[in-house]
1. Tell me, which helices (runs of 4 or more DSSP H) lie completely within region 93-212 with 3 or more residues that are surrounded by 17 or more Cβ atoms within 10 Å (Cβ to Cβ), charged (D, E, K, R) and at pLDDT 80 or above?
2. What number of residues within region 49-66 are within 17 Å of N99 (Cβ to Cβ) and surrounded by 18 or more Cβ atoms within 10 Å (Cβ to Cβ)?
3. Restricting the search to region 73-92, which residues are within 21 Å of A51 (Cα to Cα) and in a helix (DSSP H, G or I)?
4. Inside region 14-45, can you point out the residues that are buried (at least 16 other Cβ atoms within 10 Å of the Cβ) and either in a helix (DSSP H, G or I) or at pLDDT 60 or above (or both)?
5. With respect to D67, determine if the residue is part of a helix (DSSP H, G or I), under 19 Å from N151 (Cα atoms) and not assigned by TED's automatic domain parsing to the domain that holds V155.
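The values are calculated or read from the model by the stated rules, or taken from the named source; none is laboratory data. Remember, it's a predicted structure, so these values are computed and weren't measured experimentally. In this analysis, Cβ positions are derived from the backbone assuming ideal geometry, glycine residues included, and neighbour counts consider all displayed protein chains.
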Amino acid sequence: METITMTEERAEETNVSEETEIKVPRYSDSEKYVVFNTEFIPHIDSMYNFAFRLTNDEDDANDLVQDTYMKAFRFINSFQQGTNAKAWLFRILKNSFINDYRKKSKQPAKVDYQEVETTYNSESTDSETTTDLRTETVQDMIGDEVATALNSLPVDFRTVIILCDIEGFTYEEMAKILDIPIGTVRSRLHRARNLLKEKLRSYANTMGYKKAS
């Protein structure tokens, strides 16, 4: 397997490195298809679910996934076998969404991250009170209610919940996908879970769920 030098422009499009030049493997044509089919295709359902959560539109989600896989194949030489293919694909999809789909008229609401950091870093913040969709009582609620509440969150908050609580990425993986520090991942997730919990509060009460005192 040969190596090639990736230009800064190509590295920027996939966000694989901040360095101007990096050494990456060059796959033969046959190897590219093997890598694509064995490493990337198995994640297509998760990719569509993520794209749909971001766009809230079936056609946009399909277009976003198609665009992501086209870029993944185009820049397949920057992917190293044995690393986390799912996280690599999610990063490309996230960047495609930011660069292309946020420019549409249905631009998602942006978030005041200064307010987020203030909330997370305040002495009164208790990370144990946030709701993890994988473990809390909210998991037993009707799926449509949770989905509606989740979709109503600003897209940046919605994204961290999807990555952590639905897709199961670690903080470190999320930081790489989102290109932000781990501390910022934690702050966004904390605030996102609290926002989601507030939106679900009235419904949770009807299900007999009470906030712990």
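1. 182-206
2. Total satisfying the criteria: 8.
3. F73, R74, I76, A85, K86, A87, W88, L89, F90, R91, I92
4. Hits for region 14-45 are T14, P25, Y27, V35, F36, E39, F40, H43.
5. no
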